[in-house]
Amino acid sequence: MAEIIGVSSWVFAGIRWGDWRNWRSYYGTILYFILGDVLYYYVSYNHRLWSLIPTWPLKNELTCIAGEFIVFTSTILIFLGRYPAHRLLSAWWTALWVIIYTANEWILLKIGTFRYEHGWTLFHSFLFNILLFTLLRLHHKKPVFTILISIPISILLIYLNSIPIK
């Protein structure tokens, strides 16, 4: 039930504050975000650092992942759609989104629909969220460059977190 409430809240936020008029300009970054998530689930299948825990009535991890795609789309439409032009304001905007995502994860941990494994902590997620929102903005501006730097960053994260590759 928590997933339904959470995803519904993101849908409402996306409809209310998302830049739907220009969704095509964000489409590539939405796909980049979703692809990163799918690759995480694929590469870390036997060594997850964090996991969603499906609860009633969504007792299926695939359903939870589909909900993530809705959340990610809403995130991009709001985050990039309202991204400020001024440098100082853009830093604050990015920091706000890092806090929103970290707080959201903390709530999911507290209600029991999210779990950490293999030494991952909320602090790791906070640092990861800084990287995430920086890369999302960079991808929107320079997609090819961002994809190229994402490869060594991903390899480094796999190495640092001892994720076995089979």
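In the stretch 11-54, which residues are closer than 21 Å to Leu108 by Cα and among the charged types (D, E, K, R)?
If the condition is that a residue be closer than 21 Å to Leu108 by Cα and among the charged types (D, E, K, R), then Asp37, Arg48 are the ones that fit.
Given (1) of a type outside the set (Lys, Arg); (2) over 20 Å from Val38 (Cβ atoms); (3) within 14 Å of the chain's Cα centre (by Cα), identify the lone condition not met by Leu135.
The failed condition is (2).
Report those helices (runs of 4 or more DSSP H) wholly inside the stretch 1-119 carrying at least 2 residues which are closer than 22 Å to Ile147 by Cβ.
So the answer is 23-43, 61-79, 87-111.
Looking at the stretch 48-67, can you tell me whether even one residue there is at negative phi and modelled with pLDDT of 95 or more?
Yes: the stretch 48-67 contains one or more residues that are at negative phi and modelled with pLDDT of 95 or more.
In the list Leu96, Leu131, Leu127, which residue meets the criterion of being touching a helix residue (DSSP H, G or I) at 6+ places or on another chain (Cβ under 8 Å), without any contact (Cβ under 8 Å) to a residue 40 or more places away in the chain and either surrounded by 12 or more Cβ atoms within 10 Å (Cβ to Cβ) or among the β-branched types (Val, Ile, Thr) (or both)?
When all the criteria are applied, what remains is Leu131.
Would you point out the residue of the stretch 20-45, among those that are at pLDDT 95 or above and of a type in the set (Ser, Thr, Tyr), that is surrounded by the most Cβ atoms within 10 Å (Cβ to Cβ)?
Thr29
Quick check on the stretch 149-159. Is at least one of its residues over 23 Å from Asn46 (Cβ atoms), at pLDDT 95 or above and among the aliphatic types (A, V, I, L, M)?
Within the stretch 149-159, one or more residues are over 23 Å from Asn46 (Cβ atoms), at pLDDT 95 or above and among the aliphatic types (A, V, I, L, M).
The values are calculated or read from the model by the stated rules, or taken from the named source; none is laboratory data. Note that the structure is a prediction, hence the values are computed from the model and not measured. In this analysis, Cβ positions are derived from the backbone assuming ideal geometry, glycine residues included, and neighbour counts consider all displayed protein chains.
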